[in-house]
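The structure appears right after this line, and notes come after that.
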Amino acid sequence: MKRLALLFSLSAASALPLSAQGSASRLRVPFVMDTLPNGLRVIVHEDHSVPVVTTYTWFHVGSGDELPGRTGFAHLFEHLMFMGSEHAPYPQFDRLLEAAGASNNGSTNNDRTNYIESGPASALPLMLWLDADRMGWMLPTMDIPKVDLQRDVVKNERRQGVENQPYGLVEDYLPGMLYPPGHPYSWTVIGSMKDLSAASLDDVKNFFRKYYAPNNAVIAVAGDVKAVEVFALVRKYFSDIPRGPEIERPKVASFSLAKDTVAVVEDRVQSPRLYYNWHTIKGGTADDAVLDLVAYILTGARNSRITQKLVYEQQLATNTESFQDSKRLDGDFTLFATARPGKSLPELQRIIDAELRRLAEEGPTQRELDQAKNTTESSFLSALESTSRKADQLNAYYYRNGNPDGFQADLDRFRAVTAEDIKRVVRTYLLAPKAMLSVVPQGKRELAARAGGVTP
Amino acid sequence: MTRPTLRAITALLAAATPAAAQVTTPPDLASPPGLKTPAVQETRLTNGLRLLVVPMHEVPLIQVVLNVAGGAREDGARPGLATFTASMLDKGAGGRDANTVAADVAYLGAQLFAGADWNGTNVSLRVPKRSIGAALDLMADVVLRPAFSSIEVKRQRDLRLANLIQQRDQPGAVATLAYNSIVFPEGHPYHRPIGGDSGSTAGLDSSMVRGFYQSTFRPDRVTVIVTGDVTLTEARAEIERRFGGWQKGTLTSPSASKPAQAIAAAPTKVYLVDKPGAAQSVIRIGHAGVERSSPDYYAIQVMNTLLGGSFSSRLNSNLRETKGYTYGARSGFDFQPIPGAFTASADVRTDVTDSSLVEFFGELRRIRDEKVDPVELDRTKRYLALRVPGAFETTGQVAGQLGTLLTFGLPFNWFDDYVRRIMAVTAEDVQRVARQYVRTDSLAVIVVGDIQKIRPGVERLKLGPLEVRK
């Protein structure tokens, strides 16, 4: 548990709040990088505090790369990556890792698909070997029964997260209400049942050849390992895998909503819930950080503006939440609030709209802004405690701007935010037309929010 | 007498792996790293408060967990009282109102959380080192000087009542509530929800909360765990300054967990909860399990991991990876000072509800009837034994592990012997504990789903009598 290497240095004994300390503190996650002739990139961060290792592989493909009629395919494909490869036939992937004390998982979003293995440091060669085998030798063992099986599993995942989850169907509606047809973020990551049914073995083969080549992948390894040894292992296992074709990335055209898109859906729920969804800006930008702080100031804590009014003072809602979804090519901001039993959405709408206008006009107090910044800064520190979060983040920063150690630069975006920024960003993005979705109990459409707003 | 070290044992394990190191075969792995769980430094304040410290200096963060022994097992006639009292601690304290507490904590970049489980109340603080003093001042207010004002109690009570109503929308929550009320008889502490029900919540008032607080929050019941960028000397000074003056109470110790009242093994019965139009059926199957102090703990862990505690486990391999009925199937023992539940569970497609029950029952029988395969057993034991270092990475994890040992009265060097005990479990042990702790003829089967669609198929299985529950 105790390590000698100094991860990063922070001025230690000050009683000042974090945001008041200026730039004396530097977050640093040292790394070294290697690129193979076939284009595979490897990032290594040594952390010898605990004898564990995490291997995080990012493939630069997500639901945004899917073809029309094949929504959900990138995620379905993620499931197939665990179904065996030529030298590690199913179910060896899971069994070998478990026997080495390691666990594994994968996840897909709009922009990327990632795969994690973590366990004792001794399991590293196995992790890399298994990852190499499925990157280089998966197709010979792929067949339609495997596709059919994971198609069923993914449909169950969808049922569990969407159909059988209160308010879960919102996921099906919001992206299409906000983004124009054809926009890569206008459909969901989980996809539709119809498109999942349509996925074929040929789709699998074509997708693999196009997107699962070494030049479209980055492996980040963090933990109790030596970089030279990691590089040697990666070259040993991955060098024979041929480079794939250059990939054409999806394009996004700029767009804005002329007026609110409004919808009402009925669900098997006791209380109505109101969703607002605005078009904002892509991740990593200055305004993207401002929007993160706006989300905190609106609903991030018990004393945040909308939470305090709706949940605490007026007791109209049970919960409120908001977040900026910082995607690679574009972004959107979601805010929702669940009414208490017996309350209607126009009552919530009135207060939410008023609070948005007030924040745009008056801005936050210095104390509010500092609270948001200090909470954000602490979450950066927490991320540095675990090898898996560091490895994932190194990969995220590399994908975003080509520099894996983007921790300090990322934090600097938040430190730079002013009260004027908050006002401007709320006015620019959150007073603009939006997608507005009311989820109401069955037969209770009269509880829905009002198109055009509510008179204050 | 000397015990074999972990390293020696794991070296033996490693020697058993195939020795070829080519690209077409899995690599030969080096010996797993030795298990060095962190040394725990311990001291006690004069008022009886116990302090445990684990310095971890990698990141300038400190985690403080203040544990008050007791918790929801002391709810008495009012289920939910302990968890509610915990939730009230930071809703006004030391002259600050509820919003000011929240604002002041977050201004320091800190997180403060209070909650209760069956065995204790935990107030946990996570804070950057530079703000530890001011954050501990707030924590001390919350622990020692909570306001429990009538208006705040009413406010939080009404919020809880609203949440209880909305909980009915979540099929998993509905299934768990029904399951516990069936597996544990009326009068058993686990029969009613730890968070209370509408009836017990509606009557909560400030004097009840204060009464519970005054009878349980006493320094001789308290252990403070501090992990992170701090030394024992620093931690002791900071804790002493704020909690050293806390007066010892007249009650010396919390009531022990009641010895388990014998829970009669009732014949298998099926309970259906209707959720018209549901896309899936939420299944819970099981019975009362076994207490944490059981000498069979290690064998049960191995048996359950093999049955439904890992991705490669039998239940998940069968219901997800072979049949495609679910996104995941699992089983688990809820280890408590008195027996908690043994539960096998999955959310399955509505039209295979009956087929899924057949597979569940088949796996429960097989783990009892057949001796496990040596390869499967070995894989399971290694998975349990070798993954332990990953549970000690963060300050939160280390504090959590210590808290668990504390709750069950286990020594802080408990993990030193863990690997050896797990690796010693035999196929005979697995079958013996399966037969003893997994029943196949006296199960509670709860299904939350679309009754109209699933009932005929479930009835045809003739698992036992069928009852429809609200």
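Reducing the range B:313-330 and the range A:157-212 to their Cα centroids gives an inter-centroid distance of 23 Å. Express the Stokes-Einstein translational diffusion coefficient of the protein assembly as shown in µm² s⁻¹, to the nearest whole number, given a Kirkwood radius over alpha-carbon pairs, 4 °C and a viscosity of 1.567 mPa s. Approximately 44 µm²/s, per Stokes-Einstein. The residues neighbouring A:Leu411, those whose beta-carbon lies less than 10 Å from its own, together hold a net charge of +1 under the Lys/Arg +1, Asp/Glu -1 convention.
Mean silhouette area of the range B:139-275, derived from the convex hull of its C-alpha atoms and averaged over all directions, reads 12.5 nm². As a length-normalised measure over Cα pairs under 8 Å and 6 or more apart, the relative contact order of the range B:30-128 settles at 29 percent. The modelled label-to-label distance for the pair B:Thr43/B:Gln214, using points 7 Å beyond Cα in the direction of Cβ, is 3.3 nm. The slack between B:Glu240 and B:Asp416, meaning 0.36 nm per residue of separation minus the straight C-alpha distance, is 60.3 nm.
Protection proxy ranking, highest mean first, for peptides A:157-169, B:190-202, B:331-343, B:297-309: B:297-309, B:331-343, A:157-169, B:190-202, where packing is the per-residue count of other beta-carbon atoms within 10 Å, averaged. With neighbour counts taken as other beta-carbon atoms within 10 Å, the residues A:Phe93, B:Phe113 rank, fewest first, as B:Phe113, A:Phe93. 3J(HN,Hα) couplings calculated from phi for the range A:386-399 with the Karplus curve 6.51 cos²θ - 1.76 cosθ + 1.60 (θ = phi - 60°) are, in sequence order, 10, 5, 5, 5, 5, 4, 5, 6, 4, 5, 5, 5, 4, 5 Hz; Gly and Pro show x.
Computed from Cα atoms, the angle from the helix A:366-383 axis to the main principal axis of chain A rounds to 20 degrees. Note on B:Lys91: lysines with a C-alpha under 25 Å away, same-chain residues under 8 apart excluded, are A:Lys309, A:Lys343, A:Lys373, B:Lys129, B:Lys154, B:Lys248.
Label point 7 Å out from B:Arg145 along Cα-to-Cβ: which residues of the range B:85-118 have amide N under 12 Å? Residues B:93-97 fall inside that zone. Under 17 Å of direct C-alpha separation, and excluding same-chain neighbours fewer than eight residues apart, A:Lys434 reaches these aspartates and glutamates: A:Glu171, A:Asp172, A:Asp260, A:Glu321, A:Asp325, A:Asp330, A:Asp332, A:Asp353, A:Glu355. As a proxy for reagent exposure, ranking B:Glu186, B:Glu152 by other Cβ atoms within 10 Å from fewest up yields B:Glu186, B:Glu152.
The H on the amide N of A:Lys434, modeled in the peptide plane, is under 5 Å from the matching H of A:Asp260, A:Thr261, each at least 5 residues off or on a different chain.
Within the shell of other residues whose beta carbon sits under 14 angstrom from the beta carbon of B:Glu459, the net charge comes to +3, with Lys and Arg scored +1 and Asp and Glu -1. If you take the alpha carbon atoms of chain B and fit the smallest convex hull around them, that volume is 179 Å³ per residue. Candidate cross-link partners of B:Lys323 among the aspartates and glutamates, defined by an alpha-carbon separation under 17 Å and a same-chain spacing of 8 or more, comprise A:Asp143, A:Asp148, A:Asp152, A:Glu157, B:Asp347, B:Asp351, B:Asp354, B:Glu359, B:Glu363. Once the Cβ-Cβ distance of A:Leu329 and A:Glu446 is raised to the sixth power relative to R0 = 45 Å, the FRET efficiency obtained is 0.70. Ordered by the number of other Cβ atoms lying within 10 Å of each residue's own Cβ, fewest first, A:Thr455, A:Thr108 fall into the sequence A:Thr455, A:Thr108. For the segment B:56-66, counting C-beta atoms of other chains within 10 Å of every residue's C-beta and taking the mean gives 5. Need one word for the range B:49-162: rounded, prolate or oblate. Basis is the Cα gyration tensor (sqrt eigenvalues a ≥ b ≥ c); a/c below 1.5 gives rounded, then a/b vs b/c decides. Judged from the Cα gyration tensor, the range B:49-162 comes out oblate (a/c at least 1.5, b/c at or above a/b).
Summing Lys and Arg as +1 and Asp and Glu as -1 over all other residues whose Cβ lies under 13 Å from the Cβ of B:Ala346 gives a net charge of +2. Checking the Cα-Cα distances for B:Lys371/B:Lys453; A:Lys205/B:Lys381; A:Lys210/A:Lys390; A:Lys259/B:Lys275 against a 32 Å cut-off, the pairs over it are B:Lys371/B:Lys453; A:Lys205/B:Lys381; A:Lys259/B:Lys275. For the segment B:326-335, counting C-beta atoms of other chains within 10 Å of every residue's C-beta and taking the mean gives 2.
Note on A:Arg424 and A:Ala253: the model spin-label points, each 7 Å out from Cα along the C-beta direction, lie 2.9 nm apart. Helical runs assigned H by DSSP (4 residues or longer) give chain B a calculated mean residue ellipticity at 222 nm of -11500 deg cm²/dmol, each run adding -39500 (n - 2.57) before division by the residue total.
Extending 7 Å from the Cα toward the beta-carbon at both A:Ile144 and A:Gln92 defines two label points whose distance is 2.7 nm. For the pair A:Ala263 and A:Leu201, the difference between a 0.36 nm per residue extended length and the Cα-Cα distance amounts to 18.6 nm. Peptide B:108-114 has a mean shielding of 4, counted as Cβ atoms of other protein chains within 10 Å of each residue's Cβ. Rg then Dmax, both in Å and based on the Cα atoms of the range B:41-243: 17.9, 50. Kirkwood hydrodynamic radius computed over the range A:194-312 comes to 20.9 Å, based on all pairs of distinct alpha carbons. With all pairs of separate Cα atoms included, the range A:30-238 yields a Kirkwood hydrodynamic radius of 18.0 Å. Eigen-decomposition of the gyration tensor built on the alpha-carbon atoms of the range A:252-335 gives equivalent ellipsoid semi-axes of 25, 19, 10 angstrom, largest listed first.
Residues of the range A:317-342 falling in the label zone of A:Val454, defined by backbone nitrogen less than 17 Å from a point 7 Å along Cα to beta-carbon, are A:317-321, A:335-342.
Each 5 Å bin from 0 upward holds the following percent of the Cα-Cα pairs of the range A:261-447: 1, 8, 15, 18, 18, 15, 11, 8, 4, 1, 0. Treating the Cα atoms of the range B:418-470 as identical point scatterers in vacuum, please give the log10 of the normalised Debye intensity I(q)/I(0) at q = 0.25, 0.32 Å⁻¹, two decimals. Treating every Cα as an identical point scatterer, log10 I(q)/I(0) equals -1.02, -1.26. Diffusion coefficient (Stokes-Einstein, Kirkwood radius over C-alpha pairs, 20 °C, 1.002 mPa s) for chain A: 90 µm²/s, rounded to a whole number. Translational diffusion of the range B:269-469 was estimated from the Stokes-Einstein equation, with Rh taken as the Kirkwood radius over Cα pairs; at 20 °C and 1.002 mPa s the coefficient is 119 µm²/s. Applying the Karplus relation 6.51 cos²θ - 1.76 cosθ + 1.60 with θ = phi - 60° to the range B:384-397 yields 3J(HN,Hα) values of 5, 6, 7, 7, 4, x, x, 8, 10, 7, 9, 4, x, 5 Hz, where x marks Gly and Pro.
Read the figures in this text as sums done on the coordinates, not as results from a lab. Just so we're clear, the structure is a prediction, and the values are computed from it rather than from any experiment. Every residue, glycine as well, gets a Cβ built from its backbone with ideal geometry; the counts of neighbours run over all protein chains shown.
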